[in-house]
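Novice: Handing you a structure now.
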Amino acid sequence: MASSGGIGFGVVGLGMIAEFHANAIQAMDGGHLVCGFSRKGGPNAEKFAKQFGAKVYTDDYDAFLKHPGLGAVTIATPSGAHLEPVAAAAAAKKHVIVEKPLEVTLERCDGIIKACKKNKVTLGGIFPSRTGGAVNEIKLAIAGGRFGQLTVCNAIIPWHRTQEYYDSGAWRGTWQLDGGGALMNQSIHTIDLLQWLAGPIKEVSAYAGNLIHKRIEVEDAAVAALKYKSGAIGVIVGSTAMWPGNVVELHICGSEGSAWLRGGNLVQWQFTKGQPGDDRIRAEYAPKPDVAGKGGAADPRAISFVGHQKQFENFVHAISGAEKPLVEGAEARKSIELILSIYASALTGKAVKLPLKHTPKRVKFKKI
């Protein structure tokens, strides 16, 4: 059964990611699950209602928004169907937190931000990787100048998705609703971390294509070279065509230090000038030999909901004014702009400078 206390949450869209939202809400402090919305109903809606003890509305969004005690909604619809439910929720004075990506075009992202600002409701974007302890140690070290001049900063996402994964939903692998492929859907978490830690980025040059999958419009592999405003360079490698799928890597390197993350764990934490807390950080975030698994490298369900829980708890505090949202709307937009810039470069064969003025024309990716 749904718990009680705090702000009442409703989940919009009851596919796979809705389970992460519901589990996180039920585990959080300061909020509880009250209802869900499914446009078509069916087995997913029935399962959600039974599993989480929450009322599910079908094809009546207005009724959902009027549910007693509903104060905030989480958006878990396909990526390119975020704007409309957000705009309606904001108009009904409901606070909104949106699963990544915020939307699939710059224009639709801006529509979400505008709607929430107009109606004076709190907007948050979901990027649970930002809650990781090791990531935040790197963020503090950058702010403290421990890396010296940043030199090379990379994101490597060597994942795999089966053909069955793409065939399991008509929206998967489409420009309109998925907004892209390996970068926009899977790699965006690590791309967000890269630009949050090492950005901003001023120019990209990229290759991308659909190398092995059938019946999709988007890329299953992409490589981009980056120029940062700081003077650093780096690469993004993102794929769902690298069998059997392996753990994500993030490299932040500078003239006086390097930190490497592998699967969220620190495999390197080294600086020319050590500090008293370094041994603790290495020990706390070192890979654990007794913990197996590759996260979402091959199975999208094999990911913890704890990051979502932390973001929902932060979001409740943001609604009360006690904190700022961990990822505000404008911040959630940044990784999308970077990914769209990579697509623009791959599709035109030219380097692309940021900021990107508009969403590039999207055409079907083929083998390179």
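Bear in mind these aren't lab numbers, they're just calculated from the coordinates by the rules spelled out. Only a predicted model underlies this, so the values are computations on that prediction, with no experimental measurement involved. Reconstructed Cβ throughout: ideal geometry from the backbone, glycine too, with neighbour counts over all protein chains shown.
Novice: Report the gain in length on full extension from H317 to S255: 0.36 nm times residue separation, minus Cα-Cα distance, nm rounded to one decimal. Let's see the in-between values first.
Specialist: Values: separation 62, 0.36 × 62 = 22.32 nm, distance 3.81 nm.
Additional length available on full extension: 18.5 nm.
Novice: With only Lys, Arg, Asp and Glu charged, each at its Cβ (+1 for the first two, -1 for the last two), find how big the charge dipole of the range 4-111 is about the Cα centre; round to the nearest 20 debye.
Specialist: Details: 10 positive and 11 negative charges, 54 e Å.
Its charge dipole is roughly 260 debye.
Novice: Another question, then. Please turn the phi angles of the range 251-261 into ³J(HN,Hα) values with the Karplus equation 6.51 cos²θ - 1.76 cosθ + 1.60 (θ = phi - 60°), one per residue in order, whole Hz, x for glycine and proline.
Specialist: Coupling constants for the range 251-261: 10, 10, 10, x, 6, 10, x, 9, 9, 10, 9 Hz.
Novice: What lysines could a cross-link reach from K40, if we take a straight Cα to Cα line under 26 Å and drop same-chain neighbours fewer than 8 places away?
Specialist: Of all the lysines, those that pass the test against K40 - Cα under 26 Å, at least 8 places apart if same chain - are K50, K55, K66, K93, K94, K100.
Novice: Please report the antiparallel percentage of the DSSP beta bridges confined to the range 138-296, to the nearest 5.
Specialist: 85 percent
Novice: I've got another one for you. Using amide H atoms built 1.01 Å from N in the peptide plane, name the residues 5+ places from L33, or on other chains, whose amide H lies under 5 Å from its own.
Specialist: S3, F9
Novice: Also, quick follow-up: Tell me which of S320, H160, L340 sits at the most positive position along the dipole axis of the chain, charges placed on C-beta atoms (Lys, Arg +1; Asp, Glu -1).
Specialist: Selected residue: L340.
Novice: Please list, in order along the range 202-214, the HN-Hα scalar couplings obtained from phi with the Karplus expression 6.51 cos²θ - 1.76 cosθ + 1.60 (θ = phi - 60°), rounded to whole Hz, x for Gly and Pro.
Specialist: 9, 7, 10, 9, 9, 10, 7, x, 9, 8, 10, 8, 10
Novice: Full extension from A283 to S230: what is 0.36 nm times the residue separation minus their Cα-Cα distance, to one decimal in nm? Before the final figure, lay out the partial values.
Specialist: Values: separation 53, 0.36 × 53 = 19.08 nm, distance 3.04 nm.
Residue separation times 0.36 nm, minus the Cα-Cα distance, leaves 16.0 nm.
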